[in-house]
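Since the structure comes first, as structure tokens, the remarks are kept for the end.
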Amino acid sequence: MTRVFVADARPKERSALRLLLLDLEMEVIGEAADWFTTLVEVPISRADMLLVDWDLLPINAPNVALDGLRKACPSALVVVLISHLDARKQAALSIGADIFISKGESPERVAEHLRIAAASVSTAISVADSEDL
């Protein structure tokens with residue numbers, strides 16, 4: 001089961017994501033409504049996937065923020081959620097996001113992106129386990 005940490009300032013969006021992840025048989029192991037809490041809780045969560053709202057990242061240095069997140073949880077897949085389709089997609093990918101998902105997409109499309117992300121996490125875990133043998 002894929003373990004997911006959700007970081008989004010909006011309670012309704014976190015709730016919707018939690019329900020969607022549960023429907024996808026993923027485990028929500030932590031949530032944060034601000035960047036500081038995210039950085040404190042992510043390392044102890046042992047998450048496989050981090051869902052991070054772009055708007056939660058510090059505005060003046062999102063690249064530094066995502067780099068810090070990667071260092072805190074190096075094996076986790078980083079999925080950046082973005083509200084608007086614009087140059088921020090390229091920025092999110094170029095500063096260290098593994099996957100970009102637009103919040104404007106239908107729940108079905110968001111679910112499909114998350115299924116694909118979870119499959120890549122499962123594959124990475126299987127490969128790492130076989131290398132340990």
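The values are calculated or read from the model by the stated rules, or taken from the named source; none is laboratory data. Here the structure is a predicted model, which is why all the values come from computation and not from measurement. Reconstructed Cβ throughout: ideal geometry from the backbone, glycine too, with neighbour counts over all protein chains shown. To get the accessible areas, we keep the full protein, side chains included, count just its heavy atoms, and leave off ligands, DNA and RNA. Shrake-Rupley method; radii C 1.70, N 1.55, O 1.52, S 1.80 Å.
Structure above, values below:
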quantity: Qualifying strands (runs of 3 or more DSSP E) (wholly inside the range 1-53; at least 3 residues being open to solvent by 50 Å² or more (accessible area, probe 1.4 Å)); calculated: 27-32
quantity: Single unsatisfied condition, residue 96 versus (1) under 26 Å from residue 37 (Cβ atoms); (2) modelled with pLDDT of 80 or more; (3) assigned to a loop (DSSP other than H, G, I, E, B); calculated: (2)
quantity: Matching residues, the range 60-79, being among the aliphatic types (A, V, I, L, M) and not in a loop (DSSP other than H, G, I, E, B); calculated: 64, 65, 66, 69, 72, 77, 78, 79
quantity: Test: residue in the range 63-75 that is open to solvent by 20 Å² or more (accessible area, probe 1.4 Å), in contact with a Phe, Trp or Tyr (Cβ under 7 Å, 6 or more places away or on another chain) and modelled with pLDDT under 80; calculated: no
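Okay, residues lined up against (1) of a type in the set (A, V, I, L, M); (2) at pLDDT 90 or above:
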| site | (1), (2) |
| --- | --- |
| 25 | no, yes |
| 29 | yes, yes |
| 33 | yes, yes |
| 36 | no, yes |
| 41 | no, yes |
| 49 | yes, yes |
| 60 | no, no |
